[in-house]
Amino acid sequence: MPAHAAKKKRPTAMLAVLTAGVLAVGTAPLWGAGGGASLDDAALSATPTFTVGLQQAQDPGPFPGSVTPTTPTITIAGQRDGESTFKVVKYDQVQPTNPGQMDFDHFHTGIEIQWWLKKWAHERPDIVDLYIVGESYSGQPIYQLTITDKSTGRDTDKPAAYFEGNRHSGETSSAESSLWLAHHLITKAGKDRTVDKMLDDKTVYIRPVNNPDGHDMYLYTAQTNRSTVRPYDNDGDGKRDDDSGEDINDDGYLSQMRQYVGIGKGTHVVDARDPAGNAMLSVGAGNGDYLMFSEGIDNDGDGRLNEDGVGGLDLHRNYPYNWHPMAEDDATGRNLTQGGAGEYPLSEPETKHVYTWLMSHTNIAAVNSMDTRVPMHLRGPSTCDPVECMYTPDRKLYEHFDKAGVSFTGYRNAGSVYIDYATRNGGEPEALFGHGPDFGYFQYGAVWYGDEIWNGGDFTDYDKDGRYADWERSRWCAENGKTKCFLPWTKAQHPTLGAVEVGGINPKFWSQNPSDDLIGEWAANQARFNLYLTESLPQLDLTRVQVKKLKGAQSDGATHEITATVKNTGRIPTALEQAKEIKIVAPDTITVEGARRVGDAPQFYLDGGDDQKVRLRVAKADSDTVTVNAVSVRGGLDSASVRLG
């Protein structure tokens, strides 16, 4: 850049101002003395208890005395035909090593997470803003961090990435990875040049727990579910949530039950391949010694156990792009439907709040809304072959990120939902409707992943058959000194079956999520891929600005010509080809302050690594110095001052 072109810092950020009225909403506690009363919009907003929007930075006080509720039970919101009140379990896996000191050797409960988010916002107001973006189904606040160096510009004036955890109730590993990323950025800021550069130029939005109702239920009780706690009739018997599991042996888990019925009278045997004797093997009716059940009671008398537990909708089938109704809502009775899709697109508040944030923050060019447990770097398309329905440059960019992701995490799978996810265990491609990655690419025009953390304990395929069985999981645990992967078979008395044994694979901290001693590694590896996505964001940089004074009177009134070279230093284009088609982002441009532009403003998009030379004709005003601005929705802003002379 010539000596007369001085680079300017991005404008100093101002605190966000909430306009169009401050929305005060109420909250019906997730736990409490009452039964499951019906919740509607009026009830949720009856008593103002928190304010949606930017939160005032305040000292959260000392670390909570307990990271789990101190009441003996909690009550899950919603009107259902079964139980809503469940016993509180104080899992060892959620207890911090040293309370008040961050570690990733345990799972963080909602109580602890809120404390950390408020603490970070209080201690680092220079880089952290804390928002409540809305309320959950039960009326709980949904918290989100904005992390960027405020001294170098507003968050919305910079390229941004959005990362979200715990959309699905029991998939708590995703919350841990979100927290790891936030902790990394906040604690390294001011100490690590790479992090400082990232926060100087970019914005990271992190929503650690998008579904606090389900996250709390999972970590505070023995219950679990697929996604949201909104009551739903899973078994089609006309009743909602009328057959959730019971903790028969009172160990805090809903695992498996086995009942010995005599040699040759059952369906299962103890798997002889398992040196620890934990695993059961299905051998068919009349060939086994045991009958197997899920732990619980047949509350609705239909011969099945626990088939209609708490909730049943799927927040990851509730996005607007290519949304399909659930089978019971298809009037034809013969079309393609989508289980868990909800009453209509964005019917669930948790999904709606993601949508509204993204649509009002279109500077976001990369998203990862994480789940468990394939493991996989998972992205769209979800209903078609990417070769056929994606623009080739966009597809190749995604394929680059697939490979990059695997280099950080070692996941076995990476690729599209329709092809790679659906056929990973054989079979034909299969569509998912209303899926986040499809909305993210086809309708939002961004790089959008829905990564699946954790492998379910599938470390070694001992018999080389391409599949993983419980005996292989148990053997790996035994050989690697892991003693909590499986719950010991313990004797219990079932109210209708009689004598049973309860045990099997740990459903929370091995099957669906890692054990507490492994979660830090999995959370960190996934977060490092998310850092790579952030580093890859489009980034406009004015690399050269020159001024030439025009000789003589010009017919258009111009007095000077400015030549500006602008480069996209990121890997991601300032607009994917799909983004251009749907016009989700305006073209990049160059503007001038302090002089009158003559002619139309230039319009362009920049691929990753590309540059553009732009010529502007201007008419000098009162000032000798003008500011040249590079402006991009997703590539951010950059500016330089030049003298016209």
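The values are calculated or read from the model by the stated rules, or taken from the named source; none is laboratory data. Because the structure is predicted, anything quoted here is derived from the model rather than measured. Cβ: placed from backbone, ideal geometry, glycine included. Neighbour counts: every protein chain shown. Just the protein is used for accessible areas: all its heavy atoms, side chains included, with ligands, DNA and RNA removed. Shrake-Rupley method; radii C 1.70, N 1.55, O 1.52, S 1.80 Å.
Loop-located trypsin sites (Lys or Arg not before Pro) across the stretch 573-631 with a Cβ neighbour count of 10 or fewer within 10 Å are K583, with loop assigned by DSSP. Kindly provide the GluC sites (Glu not before Pro) of the stretch 341-439 that DSSP labels as loop, not H, G, I, E or B, and whose Cβ sees at most 14 other Cβ atoms within 10 Å. Hits after loop and neighbour filter: E343, E430. The residues of the chain expose on average 41 square angstrom of accessible surface per residue, using a 1.4 Å probe on protein heavy atoms. Placing +1 on the Cβ of every Lys and Arg and -1 on the Cβ of every Asp and Glu, with no other charges, gives the stretch 109-149 a dipole of roughly 120 debye about its Cα centre.
The modelled label-to-label distance between N287 and D624, using points 7 Å beyond Cα along the C-beta direction, is 9.3 nm. The mean of 1/r over all distinct Cα pairs in the chain, once inverted, gives the Kirkwood hydrodynamic radius of 26.8 Å. Extending 7 Å from Cα along the Cβ direction at T591 and again at K265 yields two label points whose distance is 8.2 nm. Assuming charge only on the beta carbon of Lys and Arg (+1) and of Asp and Glu (-1), the dipole of the stretch 490-550 about its Cα centre is about 580 debye to the nearest 20.
For the chain, the Cβ-based charge dipole about the Cα centre amounts to some 3580 debye (Lys, Arg positive; Asp, Glu negative; other atoms uncharged).
Sparse packing (at most 14 other Cβ atoms within 10 Å of the Cβ) combined with a DSSP loop state is found for the following trypsin sites (Lys or Arg not before Pro) in the stretch 366-428: R412.
In the stretch 155-285, a dipole from Cβ-located charges (positive for Lys and Arg, negative for Asp and Glu) runs towards its positive end, and of A285, T203, Y253 it is T203 whose Cα lies farthest in that direction.
Extension gain, N98 to D461: 0.36 nm times the residue separation minus the Cα-Cα distance gives 127.0 nm.
For the stretch 76-116, carbon and sulfur atoms together expose 43% of the accessible surface, with a 1.4 angstrom probe and every protein chain in place. Potential lengthening of the chain between F604 and E561 amounts to 13.6 nm, from the contour at 0.36 nm per residue minus the alpha-carbon distance. Note on S641 and F50: the extension gain reaches 208.3 nm, defined as 0.36 nm multiplied by sequence separation minus the Cα-Cα distance. Taking 23 Å as the cut-off for C-alpha to C-alpha distance, list the pairs among K396/K580; K90/K239; K202/K567; K548/K613; K158/K580; K403/K484 that go past it. Distance filter (> 23 Å) returns K90/K239; K403/K484. Per residue, the convex hull spanned by the Cα atoms of the stretch 554-645 measures out at 90 cubic angstrom.
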